[in-house]
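Right, one structure below, let's go through it.
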Amino acid sequence: YDRLKAAGANFGFSYGWETPNWFGTTSDESADAFSFRRPHWNTAVAREVKAVAERVGIIDLRFAKYDISGTGATAFLERLCANSLPKVGKCALAHVVTPRGRMIAEWTIATRAPDSYYVMTGNSMELHDLRWMQQWMTAEEQKSVQIVNNTHKHGVLGIAGPRSRELLRKLCSADVDVSHDAWPFLTYKQITLAGTIPVRAIRISYTGELGWELHHDNAHTAALYDALWEAGQDLGVTNFGSYAMNSFRLEKGFRLLGSDMTKDHTALEAGCDRFIKFEKDFIGKSALVAEKARGVAMRSVLLGFDVMNDCGHDAHGNEPVFSGDGTKMVGFTTSGAFGHTVQRSLALAYVPAELSAPGSQVVVEMLGERRRAHVLREPLVDTEPSRTRKLLKRSAAAPS
């Protein structure tokens, strides 16, 4: 905390945890400014986005974390999750739905060993998700599944950007290979950094850029941050906060649980289709199968506001969305921000399925003004894994 504060952090909070929103270069830039329009911190966020996109950044992250193990752990998690569990040493995004198919949780699951899993979710969901697991545990599973809540034991520092691999390499022992082939996207490894700090490292980043989440004992957070900061000086390392992360994730079309994904909508309406494995059994499957057969009524879409009509205000969520001619309210926004990479105001929104095709025009009311927006093809900016796959495919197809 003291290091980030000294670096100019403006802190927000979530579920009792303070985390940096942005970093100012002066006390005025670090100070809060309350406005419905784009405030002064937009400049700081733009600076952080550029630095991460071009070099490397460090972010303090907060998750709820559970170690789940035992002879019944695999069957238990398979029943709760719509996605299949990953292989040992791999990681997967898994959505949890209610019996009616509605969104209840989103977990990142790493398989540490057979019947041993590291499950991560948003920090505000700590007790909510724990209760959900306990609620659906059978009498037999209460004996064969052990859940350890390590939320307050483990901290997480994230590194992201094209030079994050170089930064990680500097702190790893010589026998750890951080290359793309040796450490692909969504791979989990237990390593030691800076000589003495045990870390659960996952190649993943909510920015959608090259990056790693470094999970460690809270007692080592300051030492790990210092090591990353010192090692990154010649790489142009910077701090970045949750507002820059929000800009990145909207450009990639990443949904956020609690705003873009809630119990008001199903996993199919939220656009989680590719994470649902209908060939397996899970809670809520029958409801989603029925919905898929009859067709989805609403869809979560990424909206881009007309650049020439920018009014200096971005969507926050819950703004009404109207049909293209503005005569009928058809949906609402769920989150929004300025996309600094694409230089455009963006928002996620639920609209009727017939208006969800890319290019469809809608009107969004903000601060009493109605602004034209179009449904965009996602992602607006390719994720790093997607860019890497395309690059490798082009290289393989090139004449030797």
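The values are calculated or read from the model by the stated rules, or taken from the named source; none is laboratory data. Quick caveat, the model's predicted, so the values are computed rather than measured. Glycine also receives a Cβ, built like all others from the backbone with ideal geometry; neighbour counts cover every protein chain displayed. Side chains are part of the model used for accessible areas, which takes the heavy atoms of the whole protein and leaves out ligands, DNA and RNA. Shrake-Rupley method; radii C 1.70, N 1.55, O 1.52, S 1.80 Å.
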Problem set entry | Amide H contacts of Leu210 (H built 1.01 Å from N, under 5 Å, at least 5 apart or other chain) | Gly161, Glu384
For this session: Take every Cα-Cα pair in segment 1-77 and report what % of them are more than 21 Å apart.
Result: 44 percent
For this session: Check the straight Cα-Cα distances from Lys277 and name the lysines below 23 Å, setting aside those fewer than 8 residues away within the same chain.
Result: Lys87, Lys90, Lys252, Lys263, Lys285, Lys292
Problem set entry | Mean Cβ count within 10 Å, highest first, over the residues of peptides 324-331, 104-111 | 104-111, 324-331
Exercise. When volume of the Cα convex hull per residue in Å³ is calculated directly from the model, which label among (1) 166; (2) 258; (3) 144 fits?
Worked result: (1)
For this session: Tabulate in residue order the Karplus-calculated ³J(HN,Hα) for segment 190-201, using 6.51 cos²θ - 1.76 cosθ + 1.60 with θ = phi - 60°, rounded to whole Hz; enter x for Gly and Pro.
Result: 9, 9, 10, 10, 6, x, 9, 9, x, 9, 8, 10
For this session: At a Cα cut-off below 14 Å, give the aspartates and glutamates reachable from Lys65, other chains included and same-chain residues fewer than 8 away excluded.
Result: Glu106, Glu126, Asp129, Glu213, Asp217
For this session: Determine, for each peptide in 274-285, 25-36, 135-146, the mean count of other beta carbons within 10 angstrom over its residues, then list the peptides with the highest first.
Result: 274-285, 135-146, 25-36
For this session: Give, rounded to the nearest 20 debye, the magnitude of the charge dipole that the chain has about its Cα centre when Lys and Arg contribute +1 at Cβ and Asp and Glu contribute -1 at Cβ.
Result: 940 debye
Problem set entry | Whole-number accessible area per residue in Å² for the chain, which is evaluated in the context of all protein chains at 1.4 Å | 44 Å²
Exercise. In the chain, carbon and sulfur make up what percent of the accessible area (probe 1.4 Å)?
Worked result: 54 percent
Seminar exercise, completed: the chain: relative contact order from alpha carbon pairs under 8 Å, six or more residues apart, as a whole percent, is 17 percent
Exercise. Short version: ³J(HN,Hα) in whole Hz for each residue of segment 176-188, in order, from phi by Karplus 6.51 cos²θ - 1.76 cosθ + 1.60 (θ = phi - 60°), x for Gly and Pro, what are they?
Worked result: 9, 9, 9, 5, 4, 5, 7, 9, x, 4, 6, 9, 10
Seminar exercise, completed: Total charge of the residues flanking Pro184 in space, meaning their Cβ is under 13 Å from its Cβ, with Lys and Arg +1 and Asp and Glu -1, is +3
Exercise. Where does each of 79-90, 151-162 land if you order them by average Cβ count within 10 Å, highest first?
Worked result: 151-162, 79-90
For this session: Report, by chain and number, residues whose modeled amide H sits under 5 Å from the one on Val321, excluding near sequence neighbours (fewer than 5 apart, same chain).
Result: Val330, Gly331, Phe332, Thr333
Problem set entry | Cα-Cα P(r), segment 123-217, percent of pairs per 10 Å interval | 14, 38, 26, 18, 4
